[in-house]
Amino acid sequence: MSEQTNAEQVTDYDPNPIYLDDVEAPDDEVEGLNIDLEDESSDEDLERSWFFIHCYSGYEKKVEHALRQRVENMGVQDQIYDVLIPTEDEIEVKDGKRRTVEKRVFPGYVMVQISWKWDENEQRDRMPDIAWSTVRNTPGVVGFVGADTEAKPPIQATPLRAEEIKRIMDRMDSEDTVVKVDYKVGERVRIVGGPFNDFPGTVASLDSGREKVRVMVDFFGRETAVSLSFMEVERM
């Protein structure tokens, strides 16, 4: 029996359907299903792989929570091990105020770790059909990244390579914080601090690492470059 036929049969079995509108995304971070994210390899890890699933943008948290519920309801914790939304901290400087926000690294995508084992019949690695259908039929999930239904046999999904996983995890664990301001090079701004307070000017350059902005101001008829902190400048 082909993989597509098996998948279709399993897809029809959903004793506990979950609807996205009924899911309330938790405010707090949700614990993993049954693993941690430490970069420690084991024999068991060789039968697990991370995959990207595409979901509706802005619904990542709801999809994550709905998928965790479905994994528990379907009893497939031994096939779907964890769900992860890659995020990083970003400092926003706006109207002279500074705040730290959590930003999604890949908006519209969620990572899922699923069983990925050698299939003797198809002579290739693949995930169990029930795991595939549990994820694919979660409300808000558009599909697996790398899937190819026209391949013979169909390709369920393409797992992330080890170096890709490491790069994502390193980015999440990095202590380097991205600083974002609401003005850009070439834009007119107003200085709100220091000796040039209330002077208008034009942004010449931005240095996120040092949180410095270089502004060109008209000082007694001469254009002068002024170096300021991000907090000393605001949009006009």
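Here are the numbers for the structure shown:
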item	result
Above-threshold pairs, the threshold being 28 Å between Cα atoms, out of 103/184; 61/184; 61/180; 97/166; 62/152	61/184; 97/166; 62/152
Region 109-222 - Kirkwood radius from inverse mean 1/r over Cα pairs (Å)	19.5
Least to most buried among 177, 87 (fewest other Cβ within 10 Å first)	177, 87
Extension gain (nm, one decimal) between residue 72 and residue 182, 0.36 nm per residue minus Cα-Cα	35.4 nm
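Computed from the coordinates by the stated procedures, all read-outs in this text should not be read as laboratory data. Here the structure is a predicted model, which is why all the values come from computation and not from measurement. All Cβ positions, glycine included, derive from the backbone under ideal geometry; neighbour counts span all protein chains shown.
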